[in-house]
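The values are calculated or read from the model by the stated rules, or taken from the named source; none is laboratory data. As the structure is a computational prediction, the values presented were derived from the model and not from experiment. Quick reminder, even Gly has a Cβ in these numbers, built from the backbone with ideal geometry, and neighbours come from all protein chains shown.
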Amino acid sequence: MTVSATQSHSGVQVPPHHPLGHQVTRWIKTQLFPTPFQSCLSLITLVLLVWFTPLALDWLLFSATFVGDSKADCIGGGACWLPVTQRIELFVYGFYPDTEIWRVNIAFGLAAAILPLLYIKQIDRRWVLGYLIVLPFLMWWLLKGGVGLPEVSSTKFAGILVTVFLGVIGMLFALPMGVLLALGRRSNKPVIKLLSVLYIELVRSVPVITLLFMASLMIQLLFPEGMTIDIFLRVLIVLIMFTAAYMAETIRGGLQGMPSGQYEAAKALGFSYWKTMGLIILPQVLRNTIPPLLTQFIGLFKETTLVVVVGVLDVVGIAMSTTAAPEWLGLEHEVYLFLALFFFTICFTLSRYARHLEKQMEKSRS
Amino acid sequence: MWTKIVHNARVLSALQQCIVLAVVAVAFYVLITNASANIDALGIASGFGFLQERAGYAISFQLIDYSPNDTYLRAYAVGLLNTLLVSVLSIVFATIIGVFLGVCRVSENWLLGRLSHLAVEFLRNVPLIVHLIWWYGLMLALPNVRQAISFQDGAFLSNRGLTVAWASDGSLVGWGVVSIIGGAVLGYALIARYRAGLQWKGFGPPVWPAILAGAVVVPILVYLFTGSSWQWDVPVSRGFGFAGGVNLPPELLALWLALSFYSASYIAEIVRGSIQSVSRGQYEAARALGFSEMPTMLRLIVPQAIYPMVPQVTSTYLNIIKNSSLGVVVGYMELVSATGGTTLNQTGQAIECIALVMATYCAISLITSLLMNIYNYRISLRTHS
């Protein structure tokens with residue numbers, strides 16, 4: 001304040017203050033109509049927007065039917081959201097017993113609590129880490145039952161429950177495995193390095209679907225007779241193995257970005273390999289790689305939808321069975337749009353959040 | 001003495017590696033013995049001998065002749081070609097849409113930038129399988145064959161897919177490919193000759209427009225001179241289907257469009273990132289030298305942005321090839337649904353079938369990364385010498 005005052009007194013020109021209306025017209029002129037070509041583009045897009053937006057809104061909301069019992073109630077001419085609203089319980093909880101639904105809600109809440117934990121700086125990182133380690137076991141216990149809770153068969157799992165469960169648990173188990181693989185790949189022991197490289201490159205070069213086929217058709221052949229593993233668990237293991245390979249590459253990037261001074265300082269202090277990694281390198285690497293790891297989580301979250309191929313009913317499976325049900329035939333646009341919006345909301349929010357964290361880190365570094 | 005040996009770092013390291021190796025070997029041994037015991041118990045054959053047996057299942061869309069009487073090996077080849085076909089089609093389409101969206105995203109036009117940002121975010125944050133089942137639903141909701149949408153009576157779009165006119169003897173593809181490659185080689189030869197004659201080495205016109213022009217002009221010329229003698233096989237509506245022409249089934253179209261739009265969002269982000277990674281000073285220098293907007297982009301920014309783009313775009317292309325395995329969801333007979341699905345179910349030889357499919361994908365990735373590395377090596381020679 002004082003600086004600008006002194007400058008204006010000493011004769012330096014201060015930019016003139018424009019009224020708001022002038023600013024708006026100037027913005028429109030520079031951003032939308034700078035050249036004839038750009039003006040044409042802007043006009044065409046504006047016309048399309050003005051024509052399309054009311055139509056879309058009308059179909060989506062104003063003429064749409066939200067309340068009713070069957071397809072016959074959809075008379076507004078807009079979207080018929082009844083297959084979603086009527087079946088919302090099925091979409092969210094699958095076939096989970098009605099009396100136990102509170103367990104699913106708690107599990108969702110616990111999973112969602114990760115984000116604020118990552119955000120709030122005041123919490124000791126060790127508590128966050130502890131929470132992340134306990135969480136998958138806690139979720140598993142809540143959903144599957146066992147000690148103290150009535151057991152629920154995993155054939156009852158379906159819908160968003162499966163998607164969230166596979167995504168969160170898969171991610172949290174893949175993280176330690178990814179760290180080990182990344183360390184293995186950078187190890188100076190040839191055998192360990194070779195094994196890690198082989199694993200990472202092999203998994204990364206094949207489609208997830210072949211791995212899922214392996215889980216559903218091949219794994220039974222590899223275990224002794226009579227030993228059967230739940231398909232749900234097999235799919236989860238495949239997702240973990242698959243994500244770990246990709247994660248290893250992300251973490252390797254973080255390890256390569258560490259200045260060598262950190263390693264040298266640790267060596268000078270007489271730290272062993274595991275102490276150097278566990279106390280000095282990995283805490284920094286993991287903190288720096290939170291944004292790419294979140295992006296990886298978005299990827300995993302989208303990949304979980306592939307489990308429908310081997311017969312696990314996730315939210316996509318429920319949607320497909322809804323559109324195939326005779327009473328909701330012909331309403332696939334509404335159902336698939338709901339599905340798309342569901343994934344878009346979650347993945348977009350997470351990607352914005354990752355971007356935000358990244359920007360914060362850049363700021364704190366510079 | 002003993003403790004001295006054990007505490008030697010190199011001995012310790014060797015010991016650790018031996019233990020890891022032993023654990024992995026034992027795990028493999030246990031799995032393999034289990035597998036062979038199970039296979040014997042179930043009475044499943046082993047080995048790849050089944051590839052020579054009769055497949056016995058039909059494939060609705062194929063690039064090479066195939067009938068249920070052919071072998072499993074031929075069915076595998078049909079599946080592989082179908083995978084490659086949908087991948088190539090999607091790569092072309094995804095690149096076009098992706099570059100368009102990416103350029104819109106960095107455009108100075110605020111409205112266009114926002115809109116394409118929204119489109120990119122929507123496309124990439126929705127799982128591919130949702131794109132796919134949606135497009136497939138749209139394809140099946142098209143009018144039936146009798147009311148097919150006609151394009152100049154040469155192509156028909158119906159719920160049976162897209163049926164287009166085709167040269168009747170099937171030589172169209174062969175000659176087309178030959179003339180495109182021949183044109184590209186001709187273009188390269190001409191421009192190389194011209195550049196070699198220049199006084200200042202390395203300062204001639206760029207090479208790729210000449211290659212592109214050759215690849216476009218020569219096929220058109222060939223068509224203009226020989227087109228009249230071609231027999232066009234025009235599709236004709238016959239009750240429930242079309243007679244004549246070539247038919248792209250709805251499964252292929254849905255997979256093609258879904259893959260293209262989904263991957264286009266990734267390509268758009270790569271294009272945007274690379275263009276923005278060119279330093280601000282380059283724009284300012286161009287402006288200072290009096291370059292206007294278009295030449296700045298074409299002659300200065302794009303050539304610099306294209307090199308960091310190449311590895312990322314390659315990995316997106318590889319993802320397209322891998323993601324084409326989603327054909328299994330809609331029943332498009334590509335590698336995974338043919339060999340990993342039907343063949344596996346019929347023979348029960350899960351290990352061999354899945355190994356074959358995985359090995360094929362590994363080979364495709366390896367070849368691509370090899371080409372990529374060669375390209376990178378050449379680029380680094382050019383930029384750092």
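So if I check each of A:Thr243, A:Thr163, which one is within 10 Å of chain B (Cβ to nearest Cβ), touching a residue at least 60 places away in the same chain (Cβ under 8 Å), part of a helix (DSSP H, G or I) and buried (at least 19 other Cβ atoms within 10 Å of the Cβ)? Quick ask: steps written out before the conclusion?
Values: A:Thr243 fails: within 10 Å of chain B (Cβ to nearest Cβ).
Of the residues listed, the single one that is within 10 Å of chain B (Cβ to nearest Cβ), touching a residue at least 60 places away in the same chain (Cβ under 8 Å), part of a helix (DSSP H, G or I) and buried (at least 19 other Cβ atoms within 10 Å of the Cβ) is A:Thr163.
List, please: which pairs have Cβ atoms under 6 Å, are six or more places apart or on different chains, and start with a residue in segment A:94-121 that is surrounded by 14 or more Cβ atoms within 10 Å (Cβ to Cβ) and end with one that is assigned to a loop (DSSP other than H, G, I, E, B) and among the hydrophobic types (A, V, I, L, M, F, W, C)?
That search, which allows pairs on different chains as well, returns A:Gly94/A:Phe157; A:Gly94/A:Ala158; A:Phe95/A:Ala158.
Could you check how many residues of segment B:286-295 are more than 14 Å from chain A (Cβ to nearest Cβ) and either surrounded by 15 or more Cβ atoms within 10 Å (Cβ to Cβ) or not in a helix (DSSP H, G or I) (or both)?
Total satisfying the criteria: 4.
Checking the condition within 30 Å of B:Leu326 (Cβ to Cβ) and part of a helix (DSSP H, G or I), which residue from A:Gly278, A:Gly299 passes? First the steps, then the outcome.
On the way: A:Gly278 fails: within 30 Å of B:Leu326 (Cβ to Cβ).
Within the list A:Gly278, A:Gly299, the selection yields A:Gly299.
Output the strands (runs of 3 or more DSSP E) that fall wholly within segment B:174-285 and possess 3 or more residues being in the same structural domain as B:Leu101 (by TED's automatic domain parsing), at pLDDT below 80 and farther than 30 Å from B:Val310 by Cα, or say none.
Working: elements: B:236-238, B:241-243, B:246-248.
Strands (runs of 3 or more DSSP E) meeting the threshold: B:236-238, B:241-243.
Among the residues of segment A:223-250, which ones are more than 24 Å from A:Phe165 (Cβ to Cβ) and within 20 Å of the chain's Cα centre (by Cα)? Give the steps one after another, and end with the answer.
Step one: of segment A:223-250, the residues more than 24 Å from A:Phe165 (Cβ to Cβ) are A:224-226, A:249.
The one that is more than 24 Å from A:Phe165 (Cβ to Cβ) and within 20 Å of the chain's Cα centre (by Cα): A:Glu249.
Please verify whether A:Lys267 is surrounded by fewer than 14 Cβ atoms within 10 Å (Cβ to Cβ), within 14 Å of chain B (Cβ to nearest Cβ) and over 28 Å from the mean Cα position of the chain (by Cα), treating the condition exactly as stated. Step through it out loud before you land on a result.
Values: surrounded by fewer than 14 Cβ atoms within 10 Å (Cβ to Cβ): yes; within 14 Å of chain B (Cβ to nearest Cβ): yes; over 28 Å from the mean Cα position of the chain (by Cα): yes.
It is true that A:Lys267 is surrounded by fewer than 14 Cβ atoms within 10 Å (Cβ to Cβ), within 14 Å of chain B (Cβ to nearest Cβ) and over 28 Å from the mean Cα position of the chain (by Cα).
When you go through (1) surrounded by 11 or more Cβ atoms within 10 Å (Cβ to Cβ); (2) free of Cβ contacts under 8 Å to residues at least 12 places away in the same chain; (3) within 10 Å of chain A (Cβ to nearest Cβ) one by one for B:Leu42, which number turns out not to apply?
(2)
Given (1) part of a helix (DSSP H, G or I); (2) under 31 Å from the mean Cα position of the chain (by Cα), where does A:Ser42 come up short, assuming only one miss?
Failed condition: (2).
Given the conditions (1) away from chain A (no Cβ under 14 Å); (2) within 13 Å of B:Phe261 (Cβ to Cβ); (3) free of Cβ contacts under 8 Å to residues at least 24 places away in the same chain, report the number of the one that B:Val130 does not fulfil.
(1) is the only condition that B:Val130 fails.
So, in segment A:326-342, of the ones that are touching a Ser or Thr at 6+ places or on another chain (Cβ under 8 Å) and surrounded by 13 or more Cβ atoms within 10 Å (Cβ to Cβ), which residue ends up farthest from A:Ser70 (Cα to Cα)?
In the first step, residues of segment A:326-342 are kept if they are touching a Ser or Thr at 6+ places or on another chain (Cβ under 8 Å); the result is A:327-329, A:331-332, A:335-336.
If we keep only those that are surrounded by 13 or more Cβ atoms within 10 Å (Cβ to Cβ) too, we end up with A:327-328, A:331-332, A:335-336.
Values: A:Glu327: 7, A:Trp328: 8, A:Leu331: 12, A:Glu332: 15, A:Val335: 14, A:Tyr336: 18 Å.
The qualifying residue farthest from A:Ser70 (Cα to Cα) is A:Tyr336.
Scan segment B:265-314 residue by residue and report those that are more than 29 Å from the chain's Cα centre (by Cα) and among the aromatic types (Phe, Trp, Tyr).
Of everything in segment B:265-314, those that are more than 29 Å from the chain's Cα centre (by Cα) and among the aromatic types (Phe, Trp, Tyr) turn out to be B:Tyr283, B:Phe291.
Checking A:Thr155 against (1) part of a helix (DSSP H, G or I); (2) among the polar types (S, T, N, Q); (3) without any contact (Cβ under 8 Å) to a residue 12 or more places away in the chain, which test does it fail?
Exception for A:Thr155: condition (3).
Of all residues in segment B:3-55, which are farther than 19 Å from B:Glu352 by Cα and among the polar types (S, T, N, Q)? Before you say what the answer is, go through the steps one by one.
Quick first cut of segment B:3-55, residues farther than 19 Å from B:Glu352 by Cα only: B:3-27.
B:Thr3, B:Asn8, B:Ser13, B:Gln16, B:Gln17 - these are the residues of segment B:3-55 that are farther than 19 Å from B:Glu352 by Cα and among the polar types (S, T, N, Q).
Kindly indicate which of A:Val191, A:Val206 is at the interface with chain B (Cβ under 9 Å from one of its Cβ atoms) and closer than 20 Å to B:Phe28 by Cα.
Numbers: A:Val206 fails: closer than 20 Å to B:Phe28 by Cα.
It is A:Val191.
Give me a count of the residues in segment A:177-220 that are in contact with a Ser or Thr (Cβ under 9 Å, 6 or more places away or on another chain) and not polar (S, T, N, Q). Before the answer, list the steps.
If we filter segment A:177-220 for residues that are in contact with a Ser or Thr (Cβ under 9 Å, 6 or more places away or on another chain), which is where we start, we get A:177-178, A:180-189, A:193, A:196, A:201, A:204-210, A:220.
Add one more test, that the residue is not polar (S, T, N, Q), and what stays is A:177-178, A:180-186, A:189, A:193, A:201, A:204, A:206-209.
The number of residues fulfilling the criteria is 17.
Given the conditions (1) in a helix (DSSP H, G or I); (2) without any contact (Cβ under 8 Å) to a residue 40 or more places away in the chain; (3) buried (at least 16 other Cβ atoms within 10 Å of the Cβ); (4) more than 10 Å from chain A (Cβ to nearest Cβ), which single one is not true for B:Asn34?
(4)
Inside segment B:67-83, can you point out the residues that are surrounded by 24 or more Cβ atoms within 10 Å (Cβ to Cβ) and over 19 Å from B:Asn247 (Cα atoms)?
B:Tyr72, B:Ala75 - these are the residues of segment B:67-83 that are surrounded by 24 or more Cβ atoms within 10 Å (Cβ to Cβ) and over 19 Å from B:Asn247 (Cα atoms).
Between A:Phe297, A:Phe344, which is of a type in the set (Phe, Trp, Tyr) and within 8 Å of chain B (Cβ to nearest Cβ)?
Numbers: A:Phe297 fails: within 8 Å of chain B (Cβ to nearest Cβ).
Only one candidate passes the filter, namely A:Phe344.
Does B:Tyr375 count as more than 10 Å from every other protein chain (Cβ to nearest Cβ), aromatic (Phe, Trp, Tyr) and in contact (Cβ under 8 Å) with a residue 12 or more places away in the chain? Lay out the reasoning, then the answer.
Working: more than 10 Å from every other protein chain (Cβ to nearest Cβ): yes; aromatic (Phe, Trp, Tyr): yes; in contact (Cβ under 8 Å) with a residue 12 or more places away in the chain: yes.
Spelling it out, B:Tyr375 is indeed more than 10 Å from every other protein chain (Cβ to nearest Cβ), aromatic (Phe, Trp, Tyr) and in contact (Cβ under 8 Å) with a residue 12 or more places away in the chain.
Select, from B:Val145, B:Val178, the only residue that is of a type outside the set (Asp, Glu), out of contact with any Phe, Trp or Tyr (no Cβ under 8 Å at 6 or more places or on another chain) and surrounded by fewer than 20 Cβ atoms within 10 Å (Cβ to Cβ). Steps first, please.
Values: B:Val145 fails: out of contact with any Phe, Trp or Tyr (no Cβ under 8 Å at 6 or more places or on another chain).
Criteria check complete, one pass: B:Val178.
Which residue pairs have Cβ atoms under 6 Å apart, sit 6 or more places apart or on different chains, and have a first residue in segment B:66-91 that is closer than 19 Å to B:Lys322 by Cα and a second that is β-branched (Val, Ile, Thr)?
Pairs found: B:Tyr76/B:Thr339; B:Val78/B:Ile59; B:Gly79/B:Thr339; B:Ser87/B:Ile320; B:Ser87/B:Ile321; B:Ser90/B:Ile320; B:Ile91/B:Ile320.
If I go through segment A:38-52 residue by residue, how many of them are surrounded by 14 or more Cβ atoms within 10 Å (Cβ to Cβ) and more than 8 Å from every other protein chain (Cβ to nearest Cβ)?
1
Name the single residue, out of those in segment B:105-120 being out of contact with any Cys (no Cβ under 9 Å at 6 or more places or on another chain), in a helix (DSSP H, G or I) and facing chain A (nearest Cβ under 7 Å), that is surrounded by the most Cβ atoms within 10 Å (Cβ to Cβ).
Only one residue tops the list, namely B:Leu111.
Being in a helix (DSSP H, G or I) and more than 10 Å from chain B (Cβ to nearest Cβ): is that true of A:Ile318 here? Explain how you work it out, then say what you get.
Details: in a helix (DSSP H, G or I): yes; more than 10 Å from chain B (Cβ to nearest Cβ): yes.
When the stated conditions are applied, A:Ile318 passes them.
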